[in-house]
Amino acid sequence: QVQLVESGGGLVQPGGSLRLSCAASGIIVRLYAMGWYRQAPGKQRELVAVISRSNRINYGDSVSGRFTISRDNAKNMVYLQMNSLKPEDTAVYHCNAVDTITSANYWGQGTQVTVSS
């Protein structure tokens, strides 16, 4: 059974930082494209960042230069370091794993990030 469990969300002031973690079980993260997506109320889910099996990284335009995705293969974890947070970054952040060979696709339940003064 595959599980992706996010943690690290919370309330932060504008300009602050948070680090999200995604703990994976049932898969080996280095064999998957691992990503972070977010969904704000009333909006569609959008890509935040993705790291491929070959460690190619892509960021959504709105977070490029502020957020950093990383993967720890030894711990089977994926992280999202978020700096210079803005109120518009407020959303539920979901961890995603995709097997690009079989197209298997897994989602975590999400962690809430709220940026507000």
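The values are calculated or read from the model by the stated rules, or taken from the named source; none is laboratory data. Quantities reported herein were computed from a predicted structural model and do not represent experimental measurements. With ideal geometry, Cβ positions are generated from the backbone for all residues, glycine too; neighbour counts draw on all protein chains shown. When the accessible area is computed, the model is the full protein with side chains, heavy atoms only, and any ligands, DNA or RNA have been set aside. Shrake-Rupley method; radii C 1.70, N 1.55, O 1.52, S 1.80 Å.
The table below gives the values:
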{"read-out": "Dimensions (Å) - region 24-102, Cα atoms, principal axes, largest first", "value": "34, 24, 19"}
{"read-out": "Charge sum, other residues only, whose C-beta stays under 14 Å from Asp99's C-beta, Lys/Arg counted +1 and Asp/Glu -1", "value": "+2"}
{"read-out": "Ser116 versus Arg66: modelled label distance in nm, points set 7 Å from Cα along the beta carbon direction", "value": "1.7 nm"}
{"read-out": "Efficiency of FRET between Ser52 and Gln109 - r from beta-carbon atoms, R0 25 angstrom, step 0.05", "value": "0.60"}
{"read-out": "Carbon + sulfur, % of accessible area of the chain - ligands and nucleic acids excluded, 1.4 Å", "value": "46 percent"}
{"read-out": "Whole-number percent relative contact order across the chain, with pairs defined as alpha carbons under 8 Å at least 6 apart", "value": "36 percent"}
{"read-out": "Cβ-derived FRET efficiency at R0 25 Å, Gln39 paired with Thr102, nearest 0.05", "value": "0.50"}
{"read-out": "Residue-normalised accessible area of region 1-83, expressed per residue, 1.4 Å probe, Å²", "value": "55 Å²"}
{"read-out": "Student exercise, the chain dipole from Lys, Arg, Asp, Glu Cβ charges, in Debye to nearest 20", "value": "180 debye"}
